[in-house]
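**Q** The structure is given below, and queries will be raised subsequently.
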Amino acid sequence: LIDESIIIERSRVKVNGETLSFEGIIPIRNGPGISLMVKADSLALSSFSNLISDSGVAISGKFSTTVGIKGQLAQPQILGLATLDSVCVVVEGDTIGPINGQIRFKETEASFDQFVISYHKGRIVLDGTFGITEPGVLAVTIRDLRLPIMEQSSVQLDGDLVVKGRMDSAIATGEVAIDGTYYEKIGPELVAQTAQPQRSNELLKRINLDLGLKLNFKVKNDVADLNLSGDLLIKGTADRIGLIGRINIEEGGRIGYLGQRFSIERGIIDFVDQQRVSPLLDVESQITIDHQGTDYLITMLITGPPENLLIGLRSEPELPEQEIIALIVTGKTRGMMKMPTAKQVGEKAVEYLIQRIKQDIEQRTANALGLDRITVTGPIEHSESLRVEIEKRIKRRVKITYSTGFESWEQQQVGLDYEINDNLSIYSTYDLENRDADGGLELHLRLW
């Protein structure tokens with residue numbers, strides 16, 4: 001310790017057998033400034049995984065560096081080279097890597113020379129400089145980058161971007177293409193997410209966006225079977241993304257309503273807010289229902305934002321909206337029904353509503369009890385025929401099911417499902433009442 005500075009002479013620090021070398025001066029207060037040399041030769045990063053194991057992150061690969069740090073602690077200058085060799089970072093089972101390349105530090109900037117980040121069979125390539133205190137120009141190439149969405153869906157990204165500026169102020173320009181498919185169910189929670197404010201991040205606030213986006217996307221789930229395409233502009237900042245432009249919904253797609261499948265005649269989704277993603281829908285779809293020799297062409301209009309959609313119905317020949325709903329649900333108009341069959345309108349509507357309510361109750365009950373799924377099968381009016389099945393995943397690839405009668409508690413069964421991979425699983429059941437495992441073993445193969 002000399003003149004309020006720490007003098008380090010040929011110091012070595014070992015972490016799980018891996019060595020880092022330090023040499024130089026570190027000021028404690030207002031000293032002459034930092035002057036430090038750091039060296040590491042083929043450092044095995046897996047040795048550091050134990051230090052961060054509680055965070056759910058694992059790291060592997062080799063890291064080498066010879067870096068000099070000088071200047072004031074508040075704004076140091078860095079000179080030297082860092083090399084990453086087959087570095088992989090695993091976060092909650094998702095692997096980023098391998099990462100290969102060199103970063104060269106030149107006081108006011110960091111330069112990348114074919115720095116490659118692999119992810120899900122795609123890659124991101126960085127080439128150029130990123131400014132620390134002075135402006136830089138960094139080219140970012142994205143190829144075949146697949147990003148999962150929830151459990152079954154994904155998008156693939158390709159693009160060429162240029163990031164200009166420095167750490168406290170930068171702008172990203174270029175073109176991005178997105179191709180993807182969405183298979184997940186659409187529920188109230190998903191729709192509500194579009195209205196939620198985005199979290200703020202100080203670093204991302206400093207990156208302005210001016211990107212072109214070419215979109216080709218398919219939606220195929222319980223609500224719709226649609227093809228979407230369009231050209232958009234990504235505006236705002238990386239912290240608060242906005243979209244400008246229009247997405248077209250391809251004619252001939254299908255959308256479900258009141259148990260029927262309507263055919264898309266025209267459809268657009270407009271984005272007009274540079275500060276957030278705020279879609280406005282304008283969709284027209286049709287269905288023809290034949291009743292007693294008359295073809296009723298029913299048109300459904302869907303307009304507005306997802307969290308507050310307006311649905312309108314009209315028909316040719318013209319009918320009041322209540323009559324149109326009856327025709328969709330029961331296949332008959334109220335005016336054409338005989339008195340004895342008028343009850344069918346109520347029965348069909350109630351049956352449809354009960355099914356929707358039952359699904360909602362099942363999901364809410366499962367969430368409240370910490371289960372993955374609760375299912376009630378059988379006709380509501382015959383409780384002796386009802387069965388209850390619950391499902392819980394106990395390991396990443398193992399889930400257990402239990403089913404029983406609703407009233408008699410007979411035919412109790414326990415099932416065990418082991419997923420060998422994403423497409424193949426082994427399933428077995430055990431009859432608790434008869435202590436019988438004649439269910440044997442079943443192989444379940446999912447083709448898509």
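**Q** Once the other residues with Cβ under 13 Å from the Cβ of E134 are scored (Lys, Arg +1; Asp, Glu -1), what is the net sum? The partial results should precede the final answer.
**A** Working: positive: K106, K164, R166; negative: E107, E109, D168.
Value of the local net charge: 0.
**Q** Follow-up question, since we're still on this one. In the structure displayed, which of K14/K395; K220/K395; K164/K214; K106/K164; K164/K235 lie more than 25 Å apart, Cα to Cα? Before the final figure, lay out the partial values.
**A** Numbers: K14/K395 37 Å; K220/K395 29 Å; K164/K214 22 Å; K106/K164 17 Å; K164/K235 16 Å.
K14/K395; K220/K395, as the Cα separations exceed 25 Å there.
**Q** Work out the FRET efficiency for K395 and Y183 from their Cβ-Cβ distance, taking R0 = 30 Å, and round it to the nearest 0.05.
**A** Details: r = 24 Å, r/R0 = 0.81.
The formula returns an efficiency of 0.80 here.
None of the figures in this text is laboratory data; all of them are computed from the coordinates on show. For clarity, every value in this text was computed on a predicted model and none was experimentally measured. Note: ideal-geometry Cβ built from the backbone for every residue, glycine included; neighbour counts use all protein chains shown.
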